[in-house]
1. What order, most packed first, do the peptides 213-222, 116-125 have when packing is the mean number of other Cβ atoms within 10 Å of each residue?
2. Pairs of alpha-carbon atoms within less than 8 angstrom and 6+ residues apart define the contacts here; what relative contact order does the chain have, in percent?
3. I need two numbers for segment 353-401: Rg to one decimal and Dmax as a whole number, Cα atoms only, in Å.
4. Counting only Cα, what are the radius of gyration and maximum Cα-Cα distance Dmax of segment 257-401, in Å?
5. So how much slack lies between residue 11 and residue 308, counting 0.36 nm per residue of separation and subtracting their Cα-Cα distance, in nm?
6. Decide, for segment 302-387, between rounded, prolate and oblate: order the square roots of the alpha carbon gyration tensor eigenvalues as a ≥ b ≥ c, take rounded if a/c falls under 1.5, and otherwise choose prolate if a/b is larger than b/c, else oblate.
7. Just want the ordering: 50, 138, 383, from fewest to most Cβ atoms lying within 10 Å of their own Cβ.
8. Can you give the Rg to Rh ratio for the chain, taking only C-alpha atoms and Rh from Kirkwood?
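We did not get these values from a lab; they are worked out from the coordinates using the rules stated. Since we're looking at a predicted model, the values are computed, not measured. Using ideal geometry, Cβ is built from the backbone for each residue, glycine included, and neighbour counts are taken over all protein chains shown.
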Ligand code: FES
């Protein structure tokens with residue numbers, strides 16, 4: 001038999017441990033058996049702040065610009081308040097079109113304070129290439145209709161721990177909507193930073209929200225709007241493109257963050273300007289929530305795939321679908337065209353909600369929109385919203401969440 005030595009302290013510890021067990025058993029035995037609380041206040045609170053879906057009734061429609069942009073005022077149908085959000089976030093609109101469930105992210109184009117009045121606003125530009133939703137909304141949504149959206153999502157908002165106190169916001173066309181939401185939040189006292197907006201439009205007629213920005217600038221000196229026109233010279237406006245020199249002119253001295261919201265083409269140009277300015281990554285942020293298309297505009301695209309249609313096999317739980325997949329559209333759009341509802345949110349390759357496993361075949365993923373984790377890349381996962389078929393494919397996708 002082994003000779004085990006134990007110190008006095010060790011013996012005390014062992015006795016304490018044995019006593020602890022006895023005490024614990026006593027407490028368990030004497031505890032009354034009652035059912036668990038069904039709804040903890042914290043869970044109810046979390047569900048109200050982060051709802052999976054919200055139902056609205058269209059209260060008002062305002063036509064803007066050249067008539068190709070409309071702002072919809074939506075009131076919560078049940079009379080409650082919509083979920084509070086951070087200025088710059090979006091909701092996903094879910095719409096049945098010809099028996100197919102189509103979803104698209106749309107930025108909330110109002111200050112978060114509007115939720116306290118029971119409503120929010122969405123601004124939609126009619127984009128013919130996105131024949132699915134924007135054209136449908138413009139042609140069909142009318143006052144009194146019911147609209148279903150997700151809760152607020154996205155990370156394109158001001159974060160004081162990361163962003164500089166001074167922000168130069170660069171917006172192109174309808175990309176002004178998240179910036180307009182931020183300007184409202186500053187004027188309402190919901191956000192505390194200074195923002196100079198460089199707003200790029202072709203001509204004066206293309207400028208959106210001018211009157212609203214004028215009203216905001218009358219309320220606060222923390223927001224300044226500078227219109228930059230590319231195809232027209234006009235008094236009080238800058239002319240040309242939003243270059244590094246122009247950004248520097250309005251940023252002035254000291255540290256500043258650049259927030260950019262616009263098209264992929266605009267981002268491509270701005271990336272070069274941001275490099276000239278020597279902006280570090282955390283001070284250069286882009287809104288990347290949009291349907292990704294025209295993959296041939298991204299570096300590295302295999303042009304021989306353009307205009308081809310491939311065969312796409314999708315495994316979803318115990319179901320298998322085989323559908324045609326145009327190389328010119330992302331895989332998520334191909335699924336929607338075929339009436340297969342896959343999980344999605346940001347549609348910009350960032351959130352990972354549509355994460356799927358590539359079983360066979362090749363895809364093109366633009367580097368700019370590749371939001372996959374390093375391990376997912378190694379394990380063969382793709383984000384179908386940011387992936388384009390360049391051969392016949394087989395993928396395994398989770399069910400709609
Ligand atoms: S929907 Fe967000 S990554 Fe695809």
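1. Most protected by this proxy first, the peptides run 116-125, 213-222.
2. Dividing the mean separation by the residue count of the chain yields 13 percent.
3. Using the Cα atoms of segment 353-401, the pair Rg, Dmax is 10.2, 28 Å.
4. Considering segment 257-401 through its Cα atoms, Rg and Dmax are 15.8, 52 Å.
5. In short, 99.1 nm is gained.
6. rounded
7. If I rank by nearby Cβ atoms, fewest first, I get 50, 138, 383.
8. For the chain, the value is 1.10.
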